[in-house]
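The values are calculated or read from the model by the stated rules, or taken from the named source; none is laboratory data. Worth saying up front: this structure is predicted, and the values here are computed from it rather than measured. Glycine also receives a Cβ, built like all others from the backbone with ideal geometry; neighbour counts cover every protein chain displayed.
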Amino acid sequence: MKRLTFTLLSAAAIATPSVWAHDWQSSRPDSHAPISVMGDHTHKEGEFMLSYRAMSMNMKGMLDGDEKVSVDDVLTAYKKDGMNAMAPTKMTMHMHMFGGMYASSDKTTWMLMVPYLENNMDMIMRMDMPTTDAMAGMGSMAMMQTMDMDMPMKMNSSGLGDIKVGVLHNILDRDGHKLHLNLALSLPTGSIDEKVNDKVMAYRMQLGSGTYDVLTGATYAAQNSFMGWGAQAIATIRTGENDRDYTLGNRYKVQGWLQKPVLDNLSLSARLAYEDWDNIDGEDSELMMMKMMNPLADPNLQGGQLLSAGIGANLTLPAGNRLAFEYTTEIDQKLDGPQMAFDDSLVLAWQMAF
Ligand SMILES: [Cu+2]
């Protein structure tokens, strides 16, 4: 028994260094994090990378806190005599994200991200309609009676989003463990003046924040011969106020992931993310009346917290090419509501380093 224990311990002692201590291998598929994670990896001096991500995000139903709220609940609460009420039923966002990376040294990698967005929202508008009785007796307007009528509506917005310029700075790269700092500036290139029928659309439908935003945080990643893992914390801090007199809430996101190389060129991933974002500070004056009829136009119904999980895969191909996908679904969320809830998202991507 003693001998067996000794043999096992010796085996473990010999095996451990080979499992734990080796240099970071950037050729491994799991040397990049799951594809939803931005600014996850750095490059070697002189290396370039181009990337394209196609993302789609679905939102469905509404929550107030962690309670489900039906469309009818919202319409009933917001409907006032002589005015319309509106409630969203679902929203999809499609994003094309073009990225570039360049390492000016082994320690410093520069990033550029250019998003193109397309938002689609389905809503129900509850309006007053004269009843047929009232129509018949049109002569006496004072007697006019109305009834609620629900009309489905669609709206969409599309265009350039906020361009981000960033830098990643390595502070540790030892024995398969890496740590870098993330810093990026988000430029107000996305429109905040998107309109439907000459009226400004609710905050969610706008394409940018309208402010210069600072994204700052850190990313840790590790590999051994068996698997890869990592974690990232990023804060998005808005600065100043935009041209429409409001500031989107700051966002804080922490996430962690595990990756398993199943083939030389293929790894599978599981990721858990927690996000917290604040309400809007200030208000778009053109939405001030609208918020009486539509919760989406209320700056105090925008904050929330979301716990989500993703599964994905990274595939390396010849000549520095990579393909990746990740599917993310909500696990739990708590929203200042009524507010539309996150349902799921899908990211497909191509990357090429040279
Ligand atoms: Cu890269």
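How many residues does region 80-108 hold that are of a type in the set (D, E) and either within 16 Å of the ligand (Cβ to nearest atom) or closer than 25 Å to G190 by Cβ (or both)?
1
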Check on D133, part of a strand (DSSP E or B) and modelled with pLDDT under 95: no
Name every residue in region 141-172 that is of a type in the set (D, E) and surrounded by fewer than 16 Cβ atoms within 10 Å (Cβ to Cβ), in order of residue number. D148, D150
Which residue is farthest from the ligand (Cβ to nearest atom), if the candidates are limited to region 42-63 and must be closer than 30 Å to M123 by Cα and surrounded by 18 or more Cβ atoms within 10 Å (Cβ to Cβ)? M62
From the list M121, M125, which one is assigned to a strand (DSSP E or B) and either surrounded by fewer than 20 Cβ atoms within 10 Å (Cβ to Cβ) or within 16 Å of the ligand (Cβ to nearest atom) (or both)? M125
Test: residue in region 265-280 that is of a type outside the set (S, T, Y) and over 24 Å from the mean Cα position of the chain (by Cα): yes
Which of the residues spanning region 292-317 are assigned to a loop (DSSP other than H, G, I, E, B) and at pLDDT 95 or above? D298, P299, N300, L301, Q302, G303, L317
